[in-house]
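The values are calculated or read from the model by the stated rules, or taken from the named source; none is laboratory data. Note that the structure is predicted; figures quoted are calculated from it, not measured. So basically every Cβ, Gly included, is an ideal-geometry build from the backbone, and we count neighbours across all protein chains shown. Heads up: the accessible areas ignore ligands, DNA and RNA and are worked out on the full protein's heavy atoms, side chains in. Shrake-Rupley method; radii C 1.70, N 1.55, O 1.52, S 1.80 Å.
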Amino acid sequence: MHYPKSWSTSTTQERAFWDGFDAEYLFGTADRLSHIGTYEMGFRPSGSRSGHQAGDLIFEEMRALGLRDVHKDPFPVYAWDFAGASLELNGWDPFPAASFPPTPGTPPEGLSALLVDVGHGTAADYLGLDVQDKIAFVRFDTQRLPWVDVLAHEAELHGACVLVFYYLNGYAQHGSGEALNTHDGAARPTIPIQQISVRDGTRLADHLAAGGPTQATLRSQVTADPGGTGHNIFGQIPGRLAERYLIVGAHYDAWFHGYWDNAVGVAGMLAMAKALLEHGYRPQHTLLFIATDAEEFGAPDTHFDWLIGCHRMLEARPGWSGRVSAAFNIDTLTFLDQGELCLIGPPELLPFLQEAMGGFQARTYPEPRVSVKEQVTAWTEVLTYAYFGIPPLQPRFAMEEAKRTIYHTQFDTSEIVHRERAVEALQLYGALLVRLDQQPILPYDFTQRAQSLRATLEDAPTGAGPPLLEGLNGLARALEKFERQAEGLNSLLAQAAASGSDRERDALNDRLRQAAAHLISHINYLDASAPEDALPLHLFYDRDVRALDAALAHLAVGDAQAAIDDLVDAKTGLHGAKYALEVSYPVYYRHTLGGRNPGRSDLFWGQGRTANITDVWLDLHTLRDKLDRGITDFGAESHSLREKREAVAAAYRDAVKELAMVLEDAATMLPK
């Protein structure tokens, strides 16, 4: 597909890349990579034999293409691999099953026990049931409980030796009813977690409803090595600036065949390198092509068990912060039914993307306009780059339908990728890489960051109080000062771009990178429902203060049910409280406060970047108990929630002050 003539702003070098892009190489490489697997359904987890084979293929491809300094960078990983599972009942054909890391498998002869229906797997569902040394069977409602580790922990607390579940919604809702699904489990490596398809789960639920517990045998082939090794694989095209970089990255570990996620992404990265090398592109930055490992899973018993390979890579290279101008990440590229191409990134790069896309018309997408969105998300490695202060970019697609039906299932094959749209997305992405590389002055626009933050300060919670209002006013002043500095910077940069020497421009660019790194690494925080978008810390406490205020107002008029609803609302309630009424306290604690304890050594990209969780488990349970017993005195709960509201307000004030300091420091870093 030749470059679009309507894109009048494209340059000769961009057009050469576009026309030299080899689609046959792209799909041939993706096919070869996706055919590597532990067994017939695929699987290329980090540290596994198949994972190493995939890494070897990429390493050899990089060398064959002519990339320089090709090498493998090892890092420690919990190497977990899976070679199939089945659940057998007397007189039934075996149900195929899928396991979740880091949970164990079974002995070769299997594990036999009574299979007991425990409904949705909530604490209440276990009341009156004996599941000691039995298999707990659960219908997983993802709107009710957050993740499989919660189901497994609750089952284990009640004595179950295995958790078997099927999804009622959320994932594995393929039209065939046969989808198997694997994700990182965020679980402890204690009891096996096994998922069966919607079709088989429905049949099994009907059988148990009619006849009660039944004998079953689970066979699950899992190997695990806590001392395993993963590899990130590097190649480069040297630039004029030996130690100033642009990164093109894609992860190569995968569940099942992993064509969409992410063999075609890795092949796209290699195809971009091939096109640049074959037309002799001479970059300004040194271009790093990096295939990362352990994106899907790499550590046990932590809520931050994915994105491990990229985290390890950047953790070992603190000097890259302030030296990498941008990271172009590729992941889950063009699901078959995608209608629009979208580019995501931090606010500093949005004007550059918007200007570049102003005259572009996509030819293979139903919507020809390319949208641009501010987003840093934990769904992909863009979050890891941002954590270390590297501005991340990625083609991102509306993937709700794909996530619901084929994401991390055996149906992730070449048939679900729209080939022409994948090629066009990669051609555009590579052209943007060239364009950014050739900018004499980095096109960061810090006024966009100021505008993004200003939108978060539109109104304070009712009853915010003088200390919080003073902090918000201080933040507004710091923001105004930063914005003025950023506005004045633009004319300076325009002048340097037009008439500055290379040395002057390089010095200015270093200052710009340092300021961007400082902002990006200090502003993005995660809440209790990751993987979601990262946001400024004060927004989490803003929501929590509002939720507590609403609950206290309802308790003041004796409406305890409304107060409960205020706290557990999925969109506006207290962070971490949504499922508190559904689980035992040890499960709630592990998934909230315990899982985010700053003293833990396994928080990885969550270290220092998570909001404090307010523990309202007991408050919610006592309120519900009083409602059930007709008690109308809620004084103790009101007192408890008021104290917690004050603690959240204090955290809110601290977050506001911290953000003001970040802006003040960034203002001093900007060139003058």
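Which residues, taken from the stretch 367-409, are in contact with a helix residue (DSSP H, G or I) (Cβ under 8 Å, 6 or more places away or on another chain) and in a helix (DSSP H, G or I)?
Within the stretch 367-409, 383, 384, 385, 386, 387, 402 qualify.
So, in the stretch 99-116, how many residues would count as being in a loop (DSSP other than H, G, I, E, B), under 18 Å from residue 46 (Cβ atoms) and not β-branched (Val, Ile, Thr)?
Result for the stretch 99-116: 5.
Would you check which residues across the stretch 320-365 are closer than 30 Å to residue 507 by Cβ, in contact with a strand residue (DSSP E or B) (Cβ under 8 Å, 6 or more places away or on another chain) and not hydrophobic (A, V, I, L, M, F, W, C) and list them?
Hits for the stretch 320-365 are 323, 325, 329, 345, 346, 347, 354.
Check whether at least one residue in the stretch 322-330 is aliphatic (A, V, I, L, M), open to solvent by 10 Å² or more (accessible area, probe 1.4 Å) and not in a strand (DSSP E or B), and report yes or no.
No, there is no match, as no residue in the stretch 322-330 is aliphatic (A, V, I, L, M), open to solvent by 10 Å² or more (accessible area, probe 1.4 Å) and not in a strand (DSSP E or B).
Can you find a residue in the stretch 134-148 that is surrounded by fewer than 20 Cβ atoms within 10 Å (Cβ to Cβ), farther than 23 Å from residue 181 by Cβ and not basic (Lys, Arg)?
No: zero hits.
Since residue 26 meets every condition but one in (1) of a type in the set (A, V, I, L, M); (2) within 30 Å of residue 223 (Cβ to Cβ); (3) in a helix (DSSP H, G or I), which condition does it not meet?
Condition not satisfied by residue 26: (2).
Which one of 419, 513, 454 is in contact with a Leu (Cβ under 9 Å, 6 or more places away or on another chain) and free of Cβ contacts under 8 Å to residues at least 60 places away in the same chain?
Exactly one of 419, 513, 454 is in contact with a Leu (Cβ under 9 Å, 6 or more places away or on another chain) and free of Cβ contacts under 8 Å to residues at least 60 places away in the same chain, namely 454.
Please go through the stretch 42-91 and give me each residue that is assigned to a helix (DSSP H, G or I) and either crowded, with 16+ Cβ neighbours inside 10 Å or among the hydrophobic types (A, V, I, L, M, F, W, C) (or both), ordered by number. Break it down into steps so the answer makes sense when it comes.
Initially, the stretch 42-91 is screened for residues assigned to a helix (DSSP H, G or I), giving 49-65.
50, 51, 52, 54, 55, 57, 58, 59, 61, 62, 64, 65, listed by residue number.
Answer yes or no as to whether residue 340 is charged (D, E, K, R), crowded, with 20+ Cβ neighbours inside 10 Å and either more than 23 Å from residue 183 (Cα to Cα) or touching a Leu at 6+ places or on another chain (Cβ under 8 Å) (or both).
Numbers: charged (D, E, K, R): yes; crowded, with 20+ Cβ neighbours inside 10 Å: no; either more than 23 Å from residue 183 (Cα to Cα) or touching a Leu at 6+ places or on another chain (Cβ under 8 Å) (or both): yes.
So residue 340 fails the test.
Answer yes or no as to whether residue 159 is more than 22 Å from residue 95 (Cα to Cα), more than 24 Å from the chain's Cα centre (by Cα) and either in a loop (DSSP other than H, G, I, E, B) or of a type in the set (Lys, Arg) (or both).
Here the answer is yes, as residue 159 does meet what is asked.
State which residue is surrounded by the most Cβ atoms within 10 Å (Cβ to Cβ) when the search covers only the stretch 584-606 and only residues that are among the polar types (S, T, N, Q) and at pLDDT below 95.
Of everything passing the filter in the stretch 584-606, 592 is surrounded by the most Cβ atoms within 10 Å (Cβ to Cβ).
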